[in-house]
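Below: the structure, in structure tokens.
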Amino acid sequence: MSYEGDVYLDGTVKSYGLGKTGTGKVQLAITFDTTSEEHPIVTAYLYFTDAAMEVTERALRALGWDPVENQWKIDDLVMGGDIMGAKASLTCAFDTYEDKRRFKVKFINDTDGGGLKERLSDDEARSFAASLRQKLGVTGGALKKASPKKQQPQPVGAGPSDDDIPF
């Protein structure tokens, strides 16, 4: 399997359901309407193997359904329509597998956090911002900047001085 460059799309869940692959593995297929003229509909396939569980869990959380809180009741998810209409940011790419080229969804991300593992609370964000301002020496809304270094005139034909080398 080899992926070409990533394509980022906004998508809305159009339909989803459980099924089996040709090898008998259970998968959750989620079809999205997108904002793309070139790829107006894409389908993501989530798997429940040991190797895929973390990606599946993250994707379902990004769609607003927490599998742990819901005790992994995937049957309830599928029958209840809980993620229908959910919005997501999709990372897609063309995939070549066994000489067939297909457009595939690689990752399903939420639309408001860039895939953050844990969002800071408002108090945590304020505390972090205060420590960052202190670290950077920001007071009264202005960043303390070093005064620019005056450059000495160079004689004609002289090479660069050691001060001009950035390392």
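The values are calculated or read from the model by the stated rules, or taken from the named source; none is laboratory data. Bear in mind that the values here come from a model prediction, so they are computed numbers and not experimental data. Cβ sites come from the backbone with ideal geometry, for glycine too, and all protein chains shown count toward neighbours.
Residue count for region 48-65, restricted to those that are assigned to a loop (DSSP other than H, G, I, E, B), without any contact (Cβ under 8 Å) to a residue 24 or more places away in the chain and farther than 19 Å from residue 31 by Cα: 2. Screening region 18-29 for residues that are under 20 Å from residue 64 (Cβ atoms) and out of contact with any Ser or Thr (no Cβ under 7 Å at 6 or more places or on another chain) and picking the one that is surrounded by the most Cβ atoms within 10 Å (Cβ to Cβ) gives 28.
Looking only at region 41-62, decide whether some residue is over 29 Å from residue 22 (Cβ atoms) and at pLDDT 90 or above. No, region 41-62 contains no residue that is over 29 Å from residue 22 (Cβ atoms) and at pLDDT 90 or above. Within region 95-113, the presence of at least one residue that is loosely packed, with under 12 Cβ neighbours inside 10 Å, over 20 Å from residue 21 (Cα atoms), at pLDDT below 95 and not small (Gly, Ala, Ser) is confirmed. Taken together, the residues in region 78-94 that are at pLDDT 90 or above and assigned to a loop (DSSP other than H, G, I, E, B) amount to 5.
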